[in-house]
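Note sheet for the following structure.
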Amino acid sequence: MTELRQEEIEAVLERPEERRRTAMSALRGKRLPVLITASLFVAMIVAGSFRYQYDNFLSGQVLLNLLIDNGYLVVAAVGATFVILTGGIDLSIGSIIGFTTMLTAWLVSKEHWPALLVIVLALAVGAAAGALMGAVIHYFEIQPFIVTLAGLFLFRGLCLVINKESISVNDRILTDMAEVQIPLPGGTHLSIGAVSAIVVLLIAMYVLHLTRFGRQVYALGGGEQSSLLMGLPVARTKIGVYTISGFCSALAGLLFLFYTQAGDPLHGLGLELDAIAAVVIGGTLLSGGTGYVLGSLLGVLVLGLVRTIISFEGTLSPWWARIFVGVLLLVFILLQRLFGARVSKEPA
Amino acid sequence: MTKNRFFWPVLVLLGLVALNLAKNGFSFLTIHLTHGHLYGPLVSIAIYAAPLVLVSLGMTVVIATGGIDLSVGAVVAVAGALACLHVSVQHDENSVAGTLVAVAMALGAALVLGRWNGFLVSRVGIQPIVATLILMVAGRGVAQLITNGQTITLNSRTYSFIDGGFLLGVPFSVLIAAAVVGLTALLIRRTALGLLIESVGGNPVASRLVGINARRIKWMVYTFSGLCAGIAGLMISSQVTAADSNNAGMFIELDAILAVVIGGTSLMGGRFSLGGTVLGAVIIQTLTTTIYSIGVPTQSTMVFKAVVVIIVCLIQSPAFRAKVFRRRRTLGPPPPGQLAQPAPVQPAAVEVPQP
């Protein structure tokens, strides 16, 4: 077989029919679930703006508040995306968030350590916890569900060991950081939490799509056996994604601490499920291999929008939010199955 | 003997019992008969373990088909909420008829919720984690809706019989659990059902080629899991004669999955062990009781539980045992068990020789 030279390949791609075909496959292929999520998000906003015309629903600040209020969840969902892309799962996200808030609040408020040192320490502890879980999962071949479940119990327990009740933050640096308002055109503003979430998202997008590590993550999700046979560094990739998830959980914990100004052993209870729901709504398959972090951002925004809409309704009791989130999850999954990416594996 | 898959779980159980004996002496093992009822620490463990045994039972068959059921906690809450709501609006909270209707309502709802899960997984083809996650989130909302966010407290001797009553000296809830376990074991092991379930989870492709109706099997196991969760929900709400929709059944799905794993069933599906699951549930309950009885401060109970669970799972993992208790490598080929990769076997393309 004659090998195509570089010039021949480029000549083919320059042809207008080829470019149109690649554009169509972008719509049909893996991008479709994210586009569905995005269009449903826009549809919800439009519906909300018609219904709550007089309540300033469509004002810029209400929409930006979505990001401000849920910045920590965006960071957690980004970390969860990395793990889920490799076909794993991380149930310890919420507990590491709670543990980070307790550890930081305790060290800063009770032991009077310098705030910046504690922040660095908390991030390091989160990353180390993730790395440890990843190592156990890989080298001892135990299911990620079980290992991260044990991590959930362990870190939730450690929260209680630090203190049974909440510890409020009385450090100037932490309090000031929480109140910073970054002004945007139009009189709106963003918080440090929201900006961090966007920064983390951009870094994650860069890593996943433009670095070798990102390729390895997708490959591992596509098939561990194949990756091994191809010679990819499976151990490093696997431990790497759990380390990233642990780091993101710790960062999310810090952002949550800024938001609530207190460490509480119950913080983050059940948050891993919100993160996983956001990732799933965002179009990432739980079997791994396909998905975009941008989808996870949209997933978090959709969840936040549901809560905003419920608060705008005013008359509904809070547990309706739970029911709506469940229904929404169902709708998104059904739509993804109808239009979504072709899955070559057998469904679980 | 160490190759027997029950070896390590039984060892852990004996270790926990030994801890209790060391701390509290032989009174831990004594059972006495008072007013025609059996009492004792072991009996208490059995009573508290009964709901978990039931939920774990349902979880076992679901996991055996390669799925998982995260919604059992929500079903427990809904069942308890419905039953307590019905009894609370009766004129006489002690009426047997009222309680029976409440039980029927709760079990009916649990069956419907289980069927819904089965529908999503088998007909619509959604991944089990996601399908049951939907009910886990929405179901708890429904339970809170039923009780309006409050805790419904009852004052019914009849209703509290479900968990607190005794029949022929044995606690009623233990009898129910034993009956369900016995019936299930009979159905599964004496008929082809067990084989079909193991086959659907162990090798979906081969099962389909052999002609097994995986859809019906999956539908059945999720309905069964819902039913078990409903019975457990009745027991749990009867234990406190109240329905707390916010907290009832919280985390029970995690305990159930742990019990199944400790009992030796793989999360990937396939071969399962009902006896192992019962053993696993008893271990988890004994662990909880041991933690309290040996005086671990309440703050550290969760960490203690996490450490024991980690140890059990590590010991059960063959890779861990191989790496830590490294045996001297022989020059011959390694034993076949160690090479077995749990990868799904694709049916090989067979070349039919042309005549």
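Structure data summary
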item	result
Residue satisfying all of: in the range A:308-323; more than 10 Å from every other protein chain (Cβ to nearest Cβ) and out of contact with any Leu (no Cβ under 9 Å at 6 or more places or on another chain); modelled with the highest pLDDT among these	A:Ile309
Residue check, B:Val312 farther than 22 Å from A:Val147 by Cβ and aliphatic (A, V, I, L, M)	no
Every residue from the range B:159-213 that is closer than 21 Å to B:Thr60 by Cα, charged (D, E, K, R) and surrounded by 18 or more Cβ atoms within 10 Å (Cβ to Cβ)	B:Glu198
Contacts under 8 angstrom Cβ, first residue in the range A:214-229 being touching a residue at least 24 places away in the same chain (Cβ under 8 Å), partner aromatic (Phe, Trp, Tyr), 6 or more apart	A:Val217/A:Phe82
Of all residues in the range B:153-196 being of a type in the set (Ser, Thr, Tyr) and assigned to a helix (DSSP H, G or I), the one that is farthest from B:His32 (Cα to Cα)	B:Thr184
Test: B:Val17 is out of contact with any strand residue (DSSP E or B) (no Cβ under 8 Å at 6 or more places or on another chain), surrounded by 21 or more Cβ atoms within 10 Å (Cβ to Cβ) and under 18 Å from B:Ala259 (Cα atoms)	no
Members of the range A:191-200 that are at pLDDT below 85 and either part of a strand (DSSP E or B) or of a type in the set (S, T, N, Q) (or both)	A:Ser191
Some residue of the range A:242-259 being open to solvent by 30 Å² or more (accessible area, probe 1.4 Å), more than 17 Å from A:Phe82 (Cβ to Cβ) and more than 14 Å from chain B (Cβ to nearest Cβ)	yes
Subset of the range B:85-136 [among the hydroxyl-bearing types (Ser, Thr, Tyr) and within 14 Å of chain A (Cβ to nearest Cβ)]	B:Ser122, B:Thr132
Qualifying positions in the range B:137-146 - crowded, with 24+ Cβ neighbours inside 10 Å and more than 7 Å from every other protein chain (Cβ to nearest Cβ)	B:Gly139, B:Ala143
Selection from the range A:92-106 of residues that are more than 14 Å from every other protein chain (Cβ to nearest Cβ) and open to solvent by 10 Å² or more (accessible area, probe 1.4 Å)	A:Leu103
Residue list for the range A:139-148, filter: under 16 Å from A:Thr243 (Cα atoms) and crowded, with 21+ Cβ neighbours inside 10 Å	A:Pro144, A:Val147, A:Thr148
Some residue of the range A:170-186 being among the basic types (Lys, Arg) and surrounded by 12 or more Cβ atoms within 10 Å (Cβ to Cβ)	no
Residue tally, condition modelled with pLDDT of 85 or more and assigned to a loop (DSSP other than H, G, I, E, B), over the range B:212-263	3
Qualifying residues in the range B:264-304 (those that are open to solvent by 30 Å² or more (accessible area, probe 1.4 Å) and part of a loop (DSSP other than H, G, I, E, B)) - the one modelled with the highest pLDDT	B:Arg271
Among the candidates A:Gly291, A:Gly326, residue that is in contact with a Ser or Thr (Cβ under 8 Å, 6 or more places away or on another chain), open to solvent by less than 10 Å² (accessible area, probe 1.4 Å) and within 14 Å of chain B (Cβ to nearest Cβ)	A:Gly291
Selection from the range B:241-254 of residues that are within 13 Å of another protein chain (Cβ to nearest Cβ) and open to solvent by 30 Å² or more (accessible area, probe 1.4 Å)	B:Asn246, B:Asn247, B:Met250, B:Phe251
Qualifying residue in the range A:72-91 (condition: open to solvent by 10 Å² or more (accessible area, probe 1.4 Å) and assigned to a helix (DSSP H, G or I))	yes
Test result for A:Leu123, without any contact (Cβ under 8 Å) to a residue 24 or more places away in the chain and either surrounded by fewer than 17 Cβ atoms within 10 Å (Cβ to Cβ) or closer than 17 Å to A:Leu257 by Cα (or both)	no
Among residues of the range B:305-324, those that are at the interface with chain A (Cβ under 8 Å from one of its Cβ atoms), in a helix (DSSP H, G or I) and either open to solvent by less than 60 Å² (accessible area, probe 1.4 Å) or under 29 Å from A:Asn163 (Cβ atoms) (or both), counted	9
Residues that are touching a helix residue (DSSP H, G or I) at 6+ places or on another chain (Cβ under 7 Å) and among the charged types (D, E, K, R), drawn from the range A:216-264	A:Glu224, A:Lys238, A:Asp264
Selected residue (only one of A:Tyr218, A:Tyr206 is open to solvent by less than 60 Å² (accessible area, probe 1.4 Å), among the aromatic types (Phe, Trp, Tyr) and modelled with pLDDT of 90 or more)	A:Tyr218
Residue in the range B:203-210 that is closer than 27 Å to B:Leu13 by Cβ, out of contact with any Phe, Trp or Tyr (no Cβ under 6 Å at 6 or more places or on another chain) and not in a helix (DSSP H, G or I) present	no
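Okay, residues lined up against (1) closer than 29 Å to A:Gly88 by Cα; (2) over 24 Å from the mean Cα position of the chain (by Cα); (3) in a helix (DSSP H, G or I):
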{"site": "A:Thr175", "(1), (2), (3)": "no, yes, yes"}
{"site": "A:Ala178", "(1), (2), (3)": "no, no, yes"}
{"site": "A:His189", "(1), (2), (3)": "no, no, no"}
{"site": "A:Tyr218", "(1), (2), (3)": "yes, no, yes"}
{"site": "A:Ser227", "(1), (2), (3)": "yes, yes, yes"}
{"site": "A:Lys238", "(1), (2), (3)": "yes, no, yes"}
{"site": "A:Cys248", "(1), (2), (3)": "yes, no, yes"}
{"site": "A:Leu257", "(1), (2), (3)": "yes, no, yes"}
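For (1) over 11 Å from the mean Cα position of the chain (by Cα); (2) open to solvent by 30 Å² or more (accessible area, probe 1.4 Å), each residue gets a yes or a no:
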position	(1), (2)
A:Pro265	yes, no
A:Gly268	yes, no
A:Ala278	no, no
A:Arg307	yes, yes
A:Pro318	yes, yes
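The values are calculated or read from the model by the stated rules, or taken from the named source; none is laboratory data. A quick note: this is a predicted structure, and the numbers were derived from the prediction, not measured. Quick reminder, even Gly has a Cβ in these numbers, built from the backbone with ideal geometry, and neighbours come from all protein chains shown. Side chains included, ligands, DNA and RNA excluded: accessible areas come from the protein's heavy atoms. Shrake-Rupley method; radii C 1.70, N 1.55, O 1.52, S 1.80 Å.
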